Protein chains: 2
Amino acid sequence: MKNYISTLGSSTYERIKKDIIFGALAPSANLKLDGLKERYTASVTTLREALKTLASEGFVEAAEQRGFFVSPVSKNDLIEISDLRILLECTALKTSITNGDADWEGNLVSARHKLQMIEAKMRAGDTGQIELWKRYDWEFHQALIEACNSQNLLALHAIIYDKYFRYQILVLTNRGDEAVAEHCEMFEAALARDSQTAIKVLERHIRLGLEHTLSAM
Amino acid sequence: MKNYISTLGSSTYERIKKDIIFGALAPSANLKLDGLKERYTASVTTLREALKTLASEGFVEAAEQRGFFVSPVSKNDLIEISDLRILLECTALKTSITNGDADWEGNLVSARHKLQMIEAKMRAGDTGQIELWKRYDWEFHQALIEACNSQNLLALHAIIYDKYFRYQILVLTNRGDEAVAEHCEMFEAALARDSQTAIKVLERHIRLGLEHTLSAM
DNA sequence: TTTATTCAAAATTACAATATTTTTTTAATA
DNA sequence: TATTAAAAAAATATTGTAATTTTGAATAAA
């Protein structure tokens, strides 16, 4: 269940990635190796490995011989990312609802329960657990599509999800109640094996999030 | 136009990737750093950077603390990759045909011309230019979807295309005439801005390639 | 036959050397 | 004097090597 991070290399990679997604490393920020060495207490070797990997995933850009910087953000990029998320996640959702077994249902119920708990807290004004909220939102969406029978699709989706999420954090404000209701609808439709409805709601969910974020940029 | 490779790091990355796609490094092959050091005349630092990047793209798998190996192949993986290629490339093709301008048409005509030339040679029995054939096939498919207005989509597609291609090389035999005809049909449909037909042919093109490869595995 | 222990192989990481880019300073020209 | 060009210096990225850690195999003890 837990994602054990054993080597310094992989934990450094995870930390930088998290800092980019949550904005601690701002879009377009210059990533000097000397600076990162202090910040993450790792050697250039380790840091470059992490940065190269992040570059290949698109969280970082590498300017040959001139270092790395955090991938910039733009309205156009957000639109591309949102369209891709709709494409990938809806495709996966459809087959997942068709194929999902009892384990899938159980896991989905569990994920939705945890998401509801944190959503209630957030609604009550507790904004100190954004990381946990991200995790539970992710686990819910992941649980929905997990039975899609394509590891390759899930892998691509995971990256796109994170990129979409960075924009949400960027504008800080949350859609709140509306998004919570969409999660409910998706959950109900999925359990009822109504993939058509589930997909429709998911697309709306992503598209409204896009519009909300766009208007705040 | 040309993809200049300036640092040892990026050229090493490209060489290993090519060796994986063309099978010089066989599926599941163990990638010991000492061995690679000789083969690519590069240091472990450089090699690890390349391998980590390839791992993040899925051409290599990294077993923490126990080294790297070439990603294995399987029928199931090929099916996943083919489905993803259809999803991504058909989506891109649709918008590309809608948006493509005169430059797009010109580039497409050029790409198709070069592809036809090499296809004729291949049909005549010249099998010594598989790398060039790969390049022209790629450039043709890329030219078709280039105007899709999503760099993010094109980036994901590029990786999936390469993974699909590795399987084609793996079974060595080529569909030949059939595939050539499909390229023609796609080209005509694209220029006629008949995206429905183009998409239909593209899906058939990929699916027949899949079946051809599957049956040889 | 199983469990420790030791040894060898291999991966990970730090550090140092090299090469490249960027900035600053100096010199030359209009 | 202002402006451009050249040279030098500083900052930074890239790459190689060596030290450290971890794993896997071989041997010895239970």
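Where a number appears in this text, it was derived from the coordinates with a stated rule and is not lab data. Note that the structure is a prediction, hence the values are computed from the model and not measured. Neighbour counts run over all protein chains shown; Cβ positions are idealised from the backbone, glycine included.
Values for this structure:
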| item | result |
| --- | --- |
| Cross-link table A:K32/A:K121; A:K52/A:K200; A:K121/A:K163, entries beyond 27 Å C-alpha to C-alpha | A:K32/A:K121; A:K52/A:K200 |
| Chain B: most fluctuating residue of B:L108, B:L144, B:L31 per GNM, C-alpha cutoff 10 Å | B:L31 |
| Copies compared at A:E105 - label distances in nm, ascending, label defined 7 Å from Cα in the Cβ direction | 5.6 |
| C-alpha center-to-center spacing [region A:17-59, region B:154-206] in angstrom | 38 |
| Cα gyration tensor shape for region B:32-175, rounded if a/c is under 1.5, else prolate or oblate | prolate |
| Degrees between helix B:102-123 axis and first principal axis of chain B (Cα, 0 to 90, nearest 10) | 70 |
| On Cα atoms only, tilt of B:177-191 relative to the major axis of chain B in degrees | 60 |
| Mean separation of Cα contacts under 8 Å, 6 or more apart, over the residue count of region A:34-175: relative contact order % | 28 |
| Using a 7 Å Cα-to-Cβ projection, B:K37 label spacings across copies, nm, ascending | 2.3 |
| Label spacing, shortest first and in nm, from B:F22 to its equivalents in the remaining copies (7 angstrom along Cα→Cβ) | 4.6 |
| Net charge over other residues, Cβ less than 9 angstrom from the Cβ of B:S150 (K, R count +1; D, E count -1) | -2 |
| Cα-centred dipole magnitude for region B:75-216, charges only on beta-carbon of K, R (+1) and D, E (-1), debye, nearest 20 | 240 |
| Degrees between helix A:130-145 axis and first principal axis of chain A (Cα, 0 to 90, nearest 10) | 50 |
